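The values are calculated or read from the model by the stated rules, or taken from the named source; none is laboratory data. Remember, it's a predicted structure, so these values are computed and weren't measured experimentally. Please note: Cβ atoms are built from the backbone with ideal geometry, for glycine as well, and neighbour counts cover all protein chains shown.
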Amino acid sequence: MRDNFLVFGAPQISDAEIDEVTATLRSRWLGTGPKVARFEQAFAEYKGITPAQTAAVNSCTAALHLSMVACDLKPGDEVITTAMTFCATVNAIIHAGATPVPVDIDPRTRNIDPAAVAAAVTPRTKAILPVHFAGYPCDMDALLEIAVRHDLRVIEDCAHAIETEYHGRKAGTLGDFGCFSFYVTKNMVTGEGGMVIARDTDRIARVRRLALHGLSADAWQRFSDKGYKHYFVEECGFKYNMMDIQAAIGIHQLARLEENWQRRQHIWQRYQSAFGDLPLLLPADPAPGLRHAYHLYSVCLQPAAPISRDEFLQAMNQRKIGTGVHYLAIPEHPFYQQRFGWRTQDFPVATAIGRSTVSLPISAALTDDDVSDVIDAVRELLG
Ligand SMILES: *Cc1c(COP(=O)(O)O)cnc(C)c1O
């Protein structure tokens, strides 16, 4: 038995981040400033775009919300999304004033099913919001074809998918908007934090303005040494800007992104070969031409498993190993049932997966011994 608890999704933090945060504090420039600009520049380089196509914000939820506000959605407009996602995806649609329309998923990849999307399109549909689940890219050719056919915007929820690629194209650059999360459990962290990217620089200019109260562009410089400038409120925006303290962490996390991706790929492969004979449905390895971000390693307990999913979660906890559930299907939640009348039986794939799935730790911070502990515990419970 381990002597310390293995926290699910614990981030990997190095001295570089600690020193940069300290330097930021000592500089006494804590808010949006030079480090956010540096971070946007570095993120743009990673994605092969320009800094004018990026806007750092304080969460992926904010990124999703602003992307949809920038689509000028009106009450009654519908946004089709997946039934297998974090609630933030759906809540952002509601906050943008539109109606979320969840659809079922592909059982192999757990990504939104393009056939279900096509079937859900109505004259009120304005956008599709796919999630690259666990970092496995969605079937973007099929989704983009539906979008072109019906003149829909596409907003990619890339919260799991910083390193994801689809036939050589980077996640977040395929749709109109790509939204990223740097929350504490994600592949790259800034504490809280997010990023919007878009092909169209006018759209990003709008997102930037919306992220800072709807103030004119000059407002971003209003605390600099360039001299006082009046700022003007051009629309009713939000308070979603990223701080330099957050960017200070992100700059160094981004520098280690690929190294950490390789580490997670190694852990993924150890799990895949260790669990092949257990009563588990293992996650899909990426098909040729696709790059997986290896954000989550999620298995499903099969009916032959000797214990239930919830018993398994408890038993792992007793063995001092933290696990996660990604996710109970969206229609399981009482709010959505009451507000929209969604019923789990209309989403059989997402519902069944949500009731049988468990995510095992796959952070780059895990040691080889940690990974062995996870493997031993899973084999002891299910072998
Ligand atoms: C984490 C997550 C979000 C929200 O990200 P925050 O940065 O915490 O706002 C949105 N969508 C998915 C799929 C997520 O996993």
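For segment 266-295, the set of residues classified as touching a residue at least 12 places away in the same chain (Cβ under 8 Å) and in a helix (DSSP H, G or I) consists of I267, W268, R270, Y271, Q272, A274, listed by residue number.
Residues that are aliphatic (A, V, I, L, M): find the strands (runs of 3 or more DSSP E) completely inside segment 147-226 holding 3 or more of those. First the steps, then the outcome.
Details: elements: 153-157, 177-181, 194-198.
Counting at least 3 such residues, we get 194-198.
Listed here are the residues, each with its yes/no results for (1) within 30 Å of I105 (Cβ to Cβ); (2) surrounded by 16 or more Cβ atoms within 10 Å (Cβ to Cβ); (3) of a type in the set (S, T, N, Q).
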residue: D3; (1), (2), (3): no, no, no
residue: A16; (1), (2), (3): no, no, no
residue: K47; (1), (2), (3): yes, yes, no
residue: T50; (1), (2), (3): no, no, yes
residue: V57; (1), (2), (3): yes, yes, no
residue: A62; (1), (2), (3): yes, yes, no
residue: V79; (1), (2), (3): yes, yes, no
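For segment 113-126, the set of residues classified as out of contact with any helix residue (DSSP H, G or I) (no Cβ under 7 Å at 6 or more places or on another chain), closer than 23 Å to C87 by Cβ and not in a loop (DSSP other than H, G, I, E, B) consists of A116, A120, K126, listed by residue number.
Mind listing whichever residues of segment 26-54 are hydroxyl-bearing (S, T, Y) and in a loop (DSSP other than H, G, I, E, B)?
Correct list: T32, T50.
Of all the criteria given as (1) within 30 Å of A255 (Cα to Cα); (2) of a type outside the set (A, V, I, L, M, F, W, C); (3) surrounded by fewer than 24 Cβ atoms within 10 Å (Cβ to Cβ); (4) within 10 Å of the ligand (Cβ to nearest atom), the one not satisfied by N91 is (1). For S298, the criteria (1) under 24 Å from I94 (Cα atoms); (2) in contact (Cβ under 8 Å) with a residue 60 or more places away in the chain; (3) not β-branched (V, I, T) hold in every case but one, which is (1).
Out of the residues in segment 155-180 meeting the condition of being aliphatic (A, V, I, L, M) and touching a helix residue (DSSP H, G or I) at 6+ places or on another chain (Cβ under 6 Å), tell me which one is nearest to the ligand (Cβ to nearest atom). Write out each step before concluding.
Step one: filter segment 155-180 for residues aliphatic (A, V, I, L, M), giving 155, 159, 161-162, 171, 174.
Checking which are touching a helix residue (DSSP H, G or I) at 6+ places or on another chain (Cβ under 6 Å) leaves us with 155, 159, 161, 174.
Numbers: I155: 11, A159: 3, A161: 9, L174: 16 Å.
That would be A159.
Return the pairs, sorted by first residue and then second, in which the second residue is of a type outside the set (S, T, Y) and away from the ligand (no atom under 12 Å from the Cβ), the first residue lies in segment 155-179 and is outside the structural domain of V69 (by TED's automatic domain parsing), the beta carbons are less than 7 Å apart, and the residues are 6+ apart or on different chains. Close Cβ pairs satisfying both conditions: none exist. The residue that is surrounded by the most Cβ atoms within 10 Å (Cβ to Cβ), counting only those in segment 341-371 that are polar (S, T, N, Q) and under 10 Å from A83 (Cβ atoms), is T351.
Please determine, by comparing only the residues of segment 55-80 that are closer than 18 Å to G175 by Cβ and in a loop (DSSP other than H, G, I, E, B), which one is farthest from the ligand (Cβ to nearest atom).
D72
Out of everything in segment 304-319 that is without any contact (Cβ under 8 Å) to a residue 12 or more places away in the chain and under 14 Å from S356 (Cβ atoms), what residue ends up being nearest to the chain's Cα centre (by Cα)?
Filtering segment 304-319 for residues that are without any contact (Cβ under 8 Å) to a residue 12 or more places away in the chain and under 14 Å from S356 (Cβ atoms), the one nearest to the chain's Cα centre (by Cα) comes out as D310.
Which of (1) buried (at least 24 other Cβ atoms within 10 Å of the Cβ); (2) within 16 Å of the ligand (Cβ to nearest atom); (3) among the hydrophobic types (A, V, I, L, M, F, W, C); (4) under 24 Å from M195 (Cβ atoms) does A83 not meet, given it meets every other one? Exception for A83: condition (4). Quick one: is T24 of a type in the set (S, T, N, Q), within 16 Å of the ligand (Cβ to nearest atom), surrounded by 18 or more Cβ atoms within 10 Å (Cβ to Cβ) and modelled with pLDDT of 95 or more? In short, no.
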